[in-house]
């Protein structure tokens, strides 16, 4: 593996409010209905968060820390596969920026500090 890093930016528009988009990311019951997983934390800077598969196994797939939170317009977290949680080099960063755009909300997700060529970078690059 290399020390080179990469980043990806995904932009989407949702016919809703920034508040609802922020809730879709941070409220477990909301995320479960739409994404099949729950993001669990108190969302305060310095707090841990977990991405938990919403099935019978309830497996923790991704872990990280809340770096910054400014509801409903910005959330920054660190991000690593649960199996590599003890490896500081495995962590990348995800920034969610939410803004009003006409009658919609524009969600920009920037995933950076990814190790180039890693399985996480490959998965993220697919959307």
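The values are calculated or read from the model by the stated rules, or taken from the named source; none is laboratory data. Only a predicted model underlies this, so the values are computations on that prediction, with no experimental measurement involved. Note: ideal-geometry Cβ built from the backbone for every residue, glycine included; neighbour counts use all protein chains shown.
Quick rundown of the values:
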read-out	value
The lone exception for residue 31 - which of (1) modelled with pLDDT of 95 or more; (2) in contact with a helix residue (DSSP H, G or I) (Cβ under 9 Å, 6 or more places away or on another chain); (3) over 19 Å from residue 125 (Cβ atoms); (4) surrounded by 15 or more Cβ atoms within 10 Å (Cβ to Cβ) it fails	(1)
Residue in segment 61-78 that is nearest to residue 109 (Cα to Cα), counting only those that are surrounded by 15 or more Cβ atoms within 10 Å (Cβ to Cβ) and in contact (Cβ under 8 Å) with a residue 40 or more places away in the chain	75
Hits in segment 21-42 - residues which are out of contact with any strand residue (DSSP E or B) (no Cβ under 7 Å at 6 or more places or on another chain) and part of a helix (DSSP H, G or I)	23, 24, 29, 30, 33, 34, 35
The one condition in (1) loosely packed, with under 15 Cβ neighbours inside 10 Å; (2) modelled with pLDDT of 95 or more that residue 57 fails to fulfil	(2)
Residues (over 20 Å from residue 97 (Cα atoms), touching a strand residue (DSSP E or B) at 6+ places or on another chain (Cβ under 8 Å) and crowded, with 18+ Cβ neighbours inside 10 Å) located in segment 108-120	115, 120
